[in-house]
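Participant: Pasting in a structure now, in structure tokens, and then I'll have a few things to ask.
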Amino acid sequence: MPLAPTEQIWHNGKFIRWEDAKIHILSHVIHYGSGVFEGIRCYESAQGPAVFRLREHMQRLLDSGRIYRMESPYTLDALCNAALDLVRANKMSACYIRPVMFRGYGEVGVDPRACPIEVYMACWEWGKYLGDEGLAKGIDVCVSSWNRPSPNTLPQMAKSSANYMNSQLIRMEAKTNGYEEGIGLDHNGHLAEGSGENIFVVRKGTVITPPLSDAGLSGITRDSVLAICADLDIPVSEQPIPREMLYIADEVFFSGTAAEITPIRSVDRINIGGGARGPVAKRLQEEFFAITSGKKPDRHGWLSSAGLPTAVVR
Ligand SMILES: Cc1ncc(COP(=O)(O)O)c(C=O)c1O
């Protein structure tokens, strides 16, 4: 889907115009993947634009940076305020927010520490990542021939730009072969995650998801799904999941900021359950969207209002 430009982008504490957000070709990140980023959704809620789990996303950005010895020049509070200012500056009612922190233009060489740390934040309108129909009917996915990175190679708890080279392999292979998305296994052959989503399996009434040690990102939607399951008295288990569990599951679904809660109706052309969205995924979706739309109380304090008038826009 083509990107629709918005007016303002936040750069190192100031707003600049969308078309002026450019970097030098010799910036470290271009050559060595030395960036960390976030993907955050702002929902149109009954109370105005509301950013979902903003602090948790910005904390993960700082954590990703810390793993790569990239200390953010901006505090958690400053980043959260910048995101809310950005939504207001662009007068968005709902959008996707993309903060990115990277090693900029300085030296060219593997050691990045002489290169300045740059932080940008942009937002734009974004629909359903895996399609409206996917949310209602479920999507067809495959198990990828590409694994997620092994432990102690590329850290999976960091949401780093470099990790998405692996994600690209998984996604391109899946789309080329006529699937909507691919599932990556970990180095032991256990389920890890999709190219941009965490994965859940439902079996005999229990919602099961791989532990964070099995090469998945510590997804914020994953955490929200686990919290909603607890609210609804649905049993959950975090445990290593063998590949074949997919084929005999009652339900399988993805979670993620982009994918939200997307049911999976088939894996490798084997129908899951009834080959359609299952009742647990439906229930979790309903609860999730009721909270994000403001129809149900924000009982976990997940929403940050971006509805107030903006202070300064340069
Ligand atoms: C590889 C990967 N796994 C999982 C997720 C889901 O994480 P979250 O729910 O925090 O968006 C994402 C999306 O950011 C992702 O890119």
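The values are calculated or read from the model by the stated rules, or taken from the named source; none is laboratory data. What you see is a predicted model, and the numbers here were worked out from it, not measured in a lab. When we count neighbours, we look across all protein chains shown, and the Cβ atoms used for this are built from the backbone with ideal geometry, even at glycine. Calculation scope for accessible area: heavy atoms of the full protein, side chains included, ligands and nucleic acids excluded. Shrake-Rupley method; radii C 1.70, N 1.55, O 1.52, S 1.80 Å.
Participant: Go through the range 190-208 and count every residue that is touching a Ser or Thr at 6+ places or on another chain (Cβ under 9 Å) and either over 24 Å from ILE40 (Cβ atoms) or away from the ligand (no atom under 11 Å from the Cβ) (or both).
Facilitator: Here the count works out to 6.
Participant: Okay, moving on. Consider TYR96 against the criteria (1) free of Cβ contacts under 8 Å to residues at least 60 places away in the same chain; (2) part of a strand (DSSP E or B); (3) not small (Gly, Ala, Ser): it satisfies all of them except one. Which criterion is unmet?
Facilitator: TYR96 satisfies every listed condition except (1).
Participant: Which of the residues belonging to the range 211-254 are within 10 Å of the ligand (Cβ to nearest atom) and either at pLDDT below 95 or touching a Gly at 6+ places or on another chain (Cβ under 7 Å) (or both)?
Facilitator: Those that are within 10 Å of the ligand (Cβ to nearest atom) and either at pLDDT below 95 or touching a Gly at 6+ places or on another chain (Cβ under 7 Å) (or both): ALA215, GLY219, THR221, PHE254.
Participant: Same structure again: What do you reckon, is LEU217 open to solvent by 60 Å² or more (accessible area, probe 1.4 Å) and among the hydrophobic types (A, V, I, L, M, F, W, C)?
Facilitator: Considered against the rule, which asks whether it is open to solvent by 60 Å² or more (accessible area, probe 1.4 Å) and among the hydrophobic types (A, V, I, L, M, F, W, C), LEU217 comes out as no.
Participant: Sticking with this one: State the number of residues belonging to the range 60-76 that are crowded, with 16+ Cβ neighbours inside 10 Å and away from the ligand (no atom under 14 Å from the Cβ).
Facilitator: Selection size over the range 60-76: 6.
Participant: Quickly run through the range 86-115 and pick out the residues that are under 21 Å from the mean Cα position of the chain (by Cα), of a type outside the set (Val, Ile, Thr) and open to solvent by 30 Å² or more (accessible area, probe 1.4 Å).
Facilitator: Hits for the range 86-115 are SER93, ALA94, ARG98.
Participant: Restricting to the range 19-59, what's the tally of residues that are under 30 Å from SER255 (Cα atoms) and either within 16 Å of the ligand (Cβ to nearest atom) or open to solvent by 40 Å² or more (accessible area, probe 1.4 Å) (or both)?
Facilitator: So the count comes out to 24.
Participant: Among all residue pairs at least 6 apart or on different chains, which show Cβ distances below 7 Å where the first residue, located in the range 239-261, is closer than 17 Å to PRO279 by Cβ and the second is more than 10 Å from the ligand (Cβ to nearest atom) and open to solvent by 60 Å² or more (accessible area, probe 1.4 Å)?
Facilitator: Pairs found: ALA249/ARG203; ASP250/ARG203.
Participant: Test TRP124 against the stated conditions and say whether it is farther than 27 Å from ALA94 by Cβ and in contact (Cβ under 8 Å) with a residue 24 or more places away in the chain.
Facilitator: Spelling it out, it is not the case that TRP124 is farther than 27 Å from ALA94 by Cβ and in contact (Cβ under 8 Å) with a residue 24 or more places away in the chain.
Participant: Taking into account only those residues within the range 2-16 that are touching a strand residue (DSSP E or B) at 6+ places or on another chain (Cβ under 9 Å) and within 20 Å of ILE117 (Cα to Cα), which is surrounded by the fewest Cβ atoms within 10 Å (Cβ to Cβ)?
Facilitator: GLY13
Participant: For the range 195-281, which fully contained strands (runs of 3 or more DSSP E) count at least 2 residues that are closer than 26 Å to SER145 by Cβ and within 17 Å of the chain's Cα centre (by Cα)?
Facilitator: Once the strands (runs of 3 or more DSSP E) in the range 195-281 are filtered for at least 2 residues that are closer than 26 Å to SER145 by Cβ and within 17 Å of the chain's Cα centre (by Cα), what remains is 198-203, 251-256, 260-267.
Participant: Out of the residues in the range 132-162 that are part of a loop (DSSP other than H, G, I, E, B) and without any contact (Cβ under 8 Å) to a residue 40 or more places away in the chain, state the one that is surrounded by the most Cβ atoms within 10 Å (Cβ to Cβ).
Facilitator: Here the answer is TRP146.
Conditions tested, residue by residue: (1) in contact (Cβ under 8 Å) with a residue 12 or more places away in the chain; (2) in contact with a Leu (Cβ under 9 Å, 6 or more places away or on another chain); (3) among the aromatic types (Phe, Trp, Tyr); (4) surrounded by 22 or more Cβ atoms within 10 Å (Cβ to Cβ).
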{"residue": "LYS175", "(1), (2), (3), (4)": "no, no, no, no"}
{"residue": "LEU191", "(1), (2), (3), (4)": "yes, yes, no, yes"}
{"residue": "GLU197", "(1), (2), (3), (4)": "yes, yes, no, yes"}
{"residue": "VAL201", "(1), (2), (3), (4)": "yes, yes, no, yes"}
{"residue": "GLY205", "(1), (2), (3), (4)": "yes, no, no, no"}
{"residue": "ILE208", "(1), (2), (3), (4)": "yes, no, no, no"}
